[in-house]
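Student: Submitted below is the structure of interest, expressed as structure tokens.
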Amino acid sequence: QWQAHTFELATRYDDNSQFGTHTTSSAGWAFQANAHNRLRASWSQGFRAPNLNELYHPGYGGYYAGNPLLDPESSNSAELGYLFTNGPAFEAEVSAYQNNVSDLISFDGSNAQAINISHVRIQGAEVELRGQFNAFNWRAQATYTDATNEESGDALLRRPKLKGLASLAYAFDNAFTLGAELSGYSERPDYGTQLPGYGRLDMTASWPLTDALRVEARLENMLDKQYQLLDGYNTPGR
């Protein structure tokens, strides 16, 4: 740290018995202009070896099989962000990023077999607002993602362009907290089809038993919405 600037440099070394040695690095910088404004930027490299399922899974009736000829993924990412804070009463944060991936591993080949996609670009932006008003805590978040197969120009599977979330929680005098969370996702492509968008309402609660211990409960999909994350796979109801 130097004056209002914070820096971070990191290097990682992987020695994989199947895929060799790989060195990746990252760099980050943040500037605290004053008590209310903070700017940050980062750059990083990534490496990911295929897992056992991606390499050797036998598949289901000829579909979704692994591929022992897969190469590992490598990536370069950059992100820029800005935070405005006015204490617990209000915070606003915005960030934008781009991630370039080489040899992305995806079940997108013939009969949805695992393959490498030579070049993928994933870019997007996110905005989050959060704050506190009397006994209420609230948060709103919106994300835009453009994930493209640079070989074909097609969108990557199962990645919605738009995601949103809004939550509101109330803390009673006895510290019991009750909250609601509404999330929404736009349509996204799946193998051979297009999955529709959906919204979901969840409820949360928290009971303090002592100063050091509390119990939390969560009721997911309160309205029993029918939707799919993956085509052909069931999703829990309420």
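Student: Can you send over the solvent-accessible area of ASP154, 1.4 Å probe, protein chains only, in Å² to the nearest 10?
Tutor: Counting only protein heavy atoms, the figure is 90 Å².
Student: ALA65's amide H: which non-local residues (gap 5+, or another chain) put their own amide H closer than 5 Å, with H modeled 1.01 Å from N in plane and none for Pro or chain starts?
Tutor: When sequence neighbours closer than 5 places are left aside, the close amide H contacts are TYR60, GLN113, ALA114.
Student: I would also like to ask the following. Contour minus end-to-end for LEU201 and PHE31, with contour as 0.36 nm per residue of separation and end-to-end as the Cα-Cα distance? Display every interim value, and only then the final one.
Tutor: Working: separation 170, 0.36 × 170 = 61.20 nm, distance 3.74 nm.
57.5 nm is the gain from fully extending LEU201 to PHE31.
Student: Determine the calculated [θ] at 222 nm for the chain from helices alone, applying -39500 (n - 2.57) to every DSSP H run no shorter than 4 residues and normalising by the residue count; nearest 500 deg cm²/dmol.
Tutor: That comes out to -500 deg cm²/dmol.
Student: For region 40-150, what does the alpha-carbon gyration tensor say about shape, rounded, prolate or oblate, given a ≥ b ≥ c as the root eigenvalues, a/c under 1.5 as rounded, and a/b over b/c as prolate?
Tutor: Cα axes put region 40-150 in the prolate bin.
Student: Tabulate in residue order the Karplus-calculated ³J(HN,Hα) for region 100-115, using 6.51 cos²θ - 1.76 cosθ + 1.60 with θ = phi - 60°, rounded to whole Hz; enter x for Gly and Pro.
Tutor: My calculation for region 100-115 gives 9, 10, 9, 6, 4, 8, 8, 7, 9, x, 4, 6, 6, 6, 5, 9 Hz in order.
Student: Considering only C-alpha atoms, what is the centroid distance from region 128-159 to region 27-89, in Å?
Tutor: Measuring centre to centre over Cα atoms gives 14 Å.
Student: Heavy atoms only, 1.4 Å probe, whole protein assembly: order TRP2, TRP29, TRP207 by accessible area, highest first.
Tutor: I get TRP2, TRP207, TRP29, largest accessible area first.
Student: Relative to the Cα centre, what is the charge dipole magnitude of the chain, using +1 at the beta carbon of each Lys and Arg, -1 at the beta carbon of each Asp and Glu, and rounding to the nearest 20 debye?
Tutor: Computed charge dipole of the chain: roughly 500 debye.
Student: Please say if the chain is rounded, prolate or oblate, where rounded means a/c under 1.5 for a ≥ b ≥ c the square roots of the C-alpha gyration tensor eigenvalues, and otherwise the choice is prolate for a/b larger than b/c and oblate otherwise?
Tutor: Since a/c reaches 1.5 but b/c is at least a/b, the shape of the chain is classed as oblate.
The values are calculated or read from the model by the stated rules, or taken from the named source; none is laboratory data. These figures come from a predicted structure and were not determined experimentally. Ideal geometry is used to build each Cβ from the backbone, glycine not excepted, and the neighbour counts take in all protein chains shown. For the accessible areas, the whole protein counts, side chains as well, though only heavy atoms, and no ligand, DNA or RNA atoms are used. Shrake-Rupley method; radii C 1.70, N 1.55, O 1.52, S 1.80 Å.
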